[in-house]
Amino acid sequence: MVAPAAAALALRLSSPFAPALTHGDSSCFLPKLPSLSLPSSYSSRIAGGLRLAAGDRRPTSSSSSSAARAIAADSEQQASSPPADEKTRSYHFVVANAKFMLDEEEHFQEQLSERLRYFGEKNREQDFWLVIEPKFLNRFPNITSRLKRPAVALVSTDAAWITFMKLRLDRVLTESFEAKTLEEALASNPVDLQFEKPKNWTAPYPKYEYGWWEPFLPPASGGADLSLSQ
């Protein structure tokens, strides 16, 4: 941008009425110029341009207000964000009545025992449990309306394995839910299980003993140690 004084000087020199200048005449560098009156808005823009050219980075009042609002919004967002320890985890399950799951399905105990043995060989944490009368069923009225009680659920964090067990067991219902802790996910209601012994057992192998499911229950119910990493 051309300064006002320089612009006036150029205008005066280009005028046909400008006086002749001689070499060494100092008046050619300091001509007498008429005073100019500039609008206040124009003067403020010139002053702002000079400050920027000189490296002045002082924020204006509008930029200061914007920065303050941004900081306040960021603080409010951090205050409303839940703590990291309140993150939930997904749990998947198949469920059926206890008679079917624990007394009639002949291969269920064998499958759970084999999986528990495999986890032990691989030093893997147990990620599946049997839950008798689980409390989380209250979240699924569409399931409880179709379910004989008492009920038993096979719960796991492994969605693919639960899908496999759904296909293997067939006569079960399946769903998933979120819980903050493993204890919350495996909470159950107390119930007394009673199964009638069959009068005539015709299978070539003995029937599984009552209570075979206890090693797969959560620890609060007398099962294995509850140590799944959160």
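Of all residues in the range 84-96, how many are of a type in the set (Gly, Ala, Ser) and either in a helix (DSSP H, G or I) or modelled with pLDDT under 95 (or both)? Outline the logic, then answer.
Of all residues in the range 84-96, those of a type in the set (Gly, Ala, Ser) come to 84, 90, 96.
Subset that is either in a helix (DSSP H, G or I) or modelled with pLDDT under 95 (or both): 84.
Residues flagged as of a type in the set (Gly, Ala, Ser) and either in a helix (DSSP H, G or I) or modelled with pLDDT under 95 (or both) within the range 84-96 amount to 1.
Provide a single number: the residues in the range 97-146 that are without any contact (Cβ under 8 Å) to a residue 12 or more places away in the chain and assigned to a strand (DSSP E or B).
0
Among the residues of the range 158-166, is any out of contact with any helix residue (DSSP H, G or I) (no Cβ under 9 Å at 6 or more places or on another chain), aromatic (Phe, Trp, Tyr) and modelled with pLDDT of 95 or more?
There is at least one residue in the range 158-166 that is out of contact with any helix residue (DSSP H, G or I) (no Cβ under 9 Å at 6 or more places or on another chain), aromatic (Phe, Trp, Tyr) and modelled with pLDDT of 95 or more.
Search the range 190-217 for residues that are within 14 Å of residue 130 (Cα to Cα) and pair each with any residue that is loosely packed, with under 11 Cβ neighbours inside 10 Å when their beta-carbon atoms are under 8 Å apart and the residues are at least 6 apart or on different chains.
Close Cβ pairs satisfying both conditions: 214/222.
Can you name the number of the only condition in (1) modelled with pLDDT of 95 or more; (2) part of a helix (DSSP H, G or I) that residue 69 fails?
All conditions are met except number (1).
Is the range 198-218 home to any residue that is in contact with an Asp or Glu (Cβ under 6 Å, 6 or more places away or on another chain) and either part of a helix (DSSP H, G or I) or not basic (Lys, Arg) (or both)? Talk me through it step by step, then tell me what you get.
At the first step, the residues of the range 198-218 found to be in contact with an Asp or Glu (Cβ under 6 Å, 6 or more places away or on another chain) are none.
No, because not a single residue in the range 198-218 is in contact with an Asp or Glu (Cβ under 6 Å, 6 or more places away or on another chain) and either part of a helix (DSSP H, G or I) or not basic (Lys, Arg) (or both).
The values are calculated or read from the model by the stated rules, or taken from the named source; none is laboratory data. In this text the structure is predicted, and so the values were computed from the model without any measurement. When we count neighbours, we look across all protein chains shown, and the Cβ atoms used for this are built from the backbone with ideal geometry, even at glycine.
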